[in-house]
Structure formats: structure tokens, C-alpha cells
Amino acid sequence: MVALALIRHGEYSQLADTPSALQPYPLTEKGAEDVREQARRFGAWLTTSGYQLNAEIHCSTLLRAWQTAEIFREELTPLFAEPPRSRSFSALCERSVGALANLSIQEIERIVTLDPRLEPLPKGWKSASDFRLPFDGAESLLEAGARVAAHLQALLDIPPRLEGAKRLQLVVGHGASIRHAGYHLNVIPFSDIKRLSMFHGHPVVFERHNQGWHRLYGNWKQRQPADPLD
């Protein structure tokens with residue numbers, strides 16, 4: 001049986017008022033320190049949990065996620081089944097806005113007004129789960145969640161090497177796409193997507209049983225209206 005530790009990357013040097021999916025910036029100094037503290041606390045729980053970590057840490061291709069994964073690798077090295085390594089997957093990235101990547105919300109809305117083929121963007125478009133910007137490469141939050149959920153499901157389907165072994169898979173990604181993936185996997189109901197968020201660097205661990213999901217460690221954050229999606 002494999003349990004999943006879902007981890008949102010640490011605080012990073014994010015451009016203000018800009019959809020954060022493909023921003024290439026690193027963790028802030030505070031962000032790295034906070035992740036390291038979260039990893040140490042998690043390690044203390046792991047030592048008494050009976051779980052052993054899979055050797056590969058899966059993370060998105062974005063620098064902030066890889067750095068977060070590397071901090072967990074450094075802090076938890078003695079608890080892995082084999083010498084650990086971080087492995088990056090674009091499937092674990094945040095929702096993409098395609099051709100409008102790394103532009104501010106104001107600039108995106110201005111570009112839409114310049115295109116006579118397009119209708120004005122709906123109010124609250126950035127956080128609407130089913131809305132996809134009408135530009136090449138863009139996806140909705142639900143589509144991003146389905147992409148992440150497919151990756152997580154593949155991890156759940158890998159049989160353990162030893163019968164009855166309690167294994168734990170670390171996955172470092174992004175807040176909104178993880179929550180939407182949680183909806184697709186029936187971890188949380190749709191109504192919780194906007195209500196919940198994730199603390200930076202704080203693992204939320206779930207194990208699936210026949211009767212559903214059981215949370216083993218960590219807590220969701222109660223999302224405030226001003227919280228960024230990622």
C-alpha cells in the first residue's frame with residue numbers, strides 16, 4: 001500500500017498579480033528556511049509512523065518545486081528505502097495560461113480587449129475552476145487537476161516490492177492543481193476546492209482504503225480570499 005504526501009512548494013519570489021504557473025523564480029531565503037523546518041517536523045513523525053519513503057521524490061519541473069523537493073531529500077535522507085533523488089515532471093505543474101504565461105492579470109485582460117474576436121473575461125476568471133483562457137496552451141484549473149490526478153493515480157497503482165510494506169511517496173507540486181487533483185481523486189468534494197488551501201512546504205499525507213481516503217498527517221489551510229492560488 002502506498003500513501004501520498006502532497007506538498008506545496010515553499011514561498012518564492014513571485015511576480016505580483018501574475019498567474020503563477022510558469023514563473024521561473026527560486027524560493028526566497030525565508031521560504032527555504034520554512035520548508036526545512038517543515039521537513040524536520042515531518043521527519044519526526046515519520047520515524048514513529050511505520051512508513052518508509054520511496055526513493056524518488058516526484059516534483060514539478062519548476063524551480064521552486066524542485067528546490068522544495070531537494071530540501072526534503074536532504075533532511076529525510078536516512079528515512080528513504082534507497083539513496084533518494086528528486087525527479088521532475090511537467091504533469092505536476094500548476095495550471096498553465098499558455099501563450100499569456102507570466103503576464104500580469106491587468107495585461108492579460110488588456111490583451112483580451114484588444115482582440116475583437118474575444119468576449120470580455122468573466123469576473124473572477126482566475127479562480128474559476130472550469131474557465132480556460134482562449135489562447136493556445138491554456139488550460140482550466142480542472143484540466144490541470146486532472147493532469148496531476150493522472151500522475152498520482154499512476155503512483156497509487158504501482159505495487160509495493162514487499163507484500164504488506166508501508167510505503168510513502170513524496171510529491172511536490174502547486175496548491176491549486178493539487179486541490180483540483182484531490183477533487184478528481186475523491187479526496188475532497190468540489191465545494192472544498194475554494195475553501196481550502198495548502199501551507200507552504202507542509203505535507204498533507206493521505207492513504208486510500210476501500211472505504212475512502214484517510215488523512216494521516218498534516219492539515220489543509222483555510223483559504224482566505226486574498227490567498228494566491230498557487
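Here are some notes:
- Of all residues in the stretch 112-141, those satisfying the criterion of being open to solvent by less than 40 Å² (accessible area, probe 1.4 Å) and among the hydrophobic types (A, V, I, L, M, F, W, C) are VAL112, LEU121, TRP125, ALA128, LEU133, ALA138, LEU141.
- For the stretch 54-104, a residue qualifies if it is among the hydrophobic types (A, V, I, L, M, F, W, C) and in a loop (DSSP other than H, G, I, E, B), and the qualifying residues are ALA55, LEU62, ALA81, CYS93, ALA101, LEU103.
- Those strands (runs of 3 or more DSSP E) of the stretch 115-230 in which at least 3 residues are of a type in the set (A, V, I, L, M, F, W, C) and either touching a residue at least 24 places away in the same chain (Cβ under 8 Å) or touching a Phe, Trp or Tyr at 6+ places or on another chain (Cβ under 7 Å) (or both), considering only elements entirely within it, cover 167-173, 204-209.
- Qualifying residue in the stretch 139-146 (condition: under 26 Å from the mean Cα position of the chain (by Cα) and of a type in the set (Asp, Glu)): yes
- Verdict on ASN54 being among the polar types (S, T, N, Q) and in contact with a Lys or Arg (Cβ under 6 Å, 6 or more places away or on another chain): yes
- Screening the candidates ARG117, ARG95, ARG41, ARG85 for the property of being basic (Lys, Arg) and closer than 26 Å to LEU15 by Cα yields one hit, ARG95.
The values are calculated or read from the model by the stated rules, or taken from the named source; none is laboratory data. What you see is a predicted model; the values in this text were computed from it and never measured. Because the Cβ atoms are built from the backbone with ideal geometry, glycine has one as well, and the counts that use them run over all protein chains shown. Just the protein is used for accessible areas: all its heavy atoms, side chains included, with ligands, DNA and RNA removed. Shrake-Rupley method; radii C 1.70, N 1.55, O 1.52, S 1.80 Å.
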